[in-house]
Structure formats: structure tokens, C-alpha cells
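Here is the structure we will look at, set down as C-alpha cells.
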Amino acid sequence: QVQLIESGGGLVQPGGSLRLSCAASGLTLSTYTMGWFRQAQGKEREFVATISRSGGSTYYGDSMKGRFTISRDDAKNTVYLQMNSLKPEDTAVYYCAASTLFFATYRLSAYTNWGQGTQVTVSS
């Protein structure tokens, strides 16, 4: 049974940083493209970042570029999202997702396995 478990969310002040982790079980992480998405209250789920199987390609949503960094440690079966210079508009539930596509993709429909999410709140 595939499980993706996110952790690392919480309350942070504007300008602060958080690192989210996504621990995968029941799958071999190196065979999956991984992504992070987020959903703010009352809004649709939004693409945040993706990393290819090899880790050689990464893509980010426009508002995340230069602030967020996605990475993976296949030996630990874990994907990370380092978030810096956080803004109140980054407040959302953040989800980790896995896709069997070879290439990194922002398409939500390409992801077949999802975690339950971790809340990130940016507020003073």
C-alpha cells in the first residue's frame, strides 16, 4: 500500500522559512516523479513544485520561483520542500504527490498518489 506522509508544516511569521518533508512507503521513490501542491481555503489546488525521477529537472509555480526549493533523497524515500521568504498568501494545506511519468510535470491529473497534507500558516 502506497503512503505519502507530509510533515513540517506549522505557523511561521512572514519572511520566515519552513522545510516540508514527504516520507514515502510502499513504493520505490526513484521510479516516481514527485510534486508538491497546495490548496488554500476556498481555492482550487495549485501546483507548487515538481522534481523528475532523476532529480535533474525541477519546475516551480510562478509565485514560488526563487523562494522554494524541491529536492529528493531516494535513499531515504523522502522528498523535501524548502520554503523561504514566506508570505501570508503562502498559507495553505500542502500536499505531496507521486506520478509514474518519467518527466516532471505540473499537471495535477498526472499524479496518482497523494498524501493527506500538512497545514502551513504564515501570519504575524
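Sort through Phe68, Phe47 and tell me the only one that's within 17 Å of Val12 (Cβ to Cβ) and under 11 Å from the mean Cα position of the chain (by Cα).
Phe68
Among the residues of the stretch 20-49, how many are assigned to a strand (DSSP E or B), out of contact with any Leu (no Cβ under 7 Å at 6 or more places or on another chain) and among the hydroxyl-bearing types (Ser, Thr, Tyr)?
2
State which residue is nearest to the chain's Cα centre (by Cα) when the search covers only the stretch 1-42 and only residues that are hydroxyl-bearing (Ser, Thr, Tyr) and farther than 19 Å from Ala92 by Cα.
Only one residue tops the list, namely Thr33.
Name the single residue, out of those in the stretch 9-19 being in a loop (DSSP other than H, G, I, E, B) and in contact with a strand residue (DSSP E or B) (Cβ under 8 Å, 6 or more places away or on another chain), that is nearest to Val120 (Cα to Cα).
For the stretch 9-19, the residue satisfying everything is Gly9.
For residues in the stretch 58-91 being of a type in the set (A, V, I, L, M, F, W, C) and in a helix (DSSP H, G or I), which is most open to solvent (accessible area, probe 1.4 Å)?
The qualifying residue most open to solvent (accessible area, probe 1.4 Å) is Ala75.
Can you tell me which residues in the stretch 92-124 are of a type in the set (A, V, I, L, M), farther than 17 Å from Gly55 by Cβ and outside any strand (DSSP E or B)?
Across the stretch 92-124, the qualifying residues are Leu108, Ala110.
The values are calculated or read from the model by the stated rules, or taken from the named source; none is laboratory data. Note that the structure is predicted; figures quoted are calculated from it, not measured. Glycine gets a Cβ as well: all are built from the backbone with ideal geometry, and neighbour counts include every protein chain shown. Accessible surface areas use protein heavy atoms only, side chains included; no ligands, DNA or RNA. Shrake-Rupley method; radii C 1.70, N 1.55, O 1.52, S 1.80 Å.
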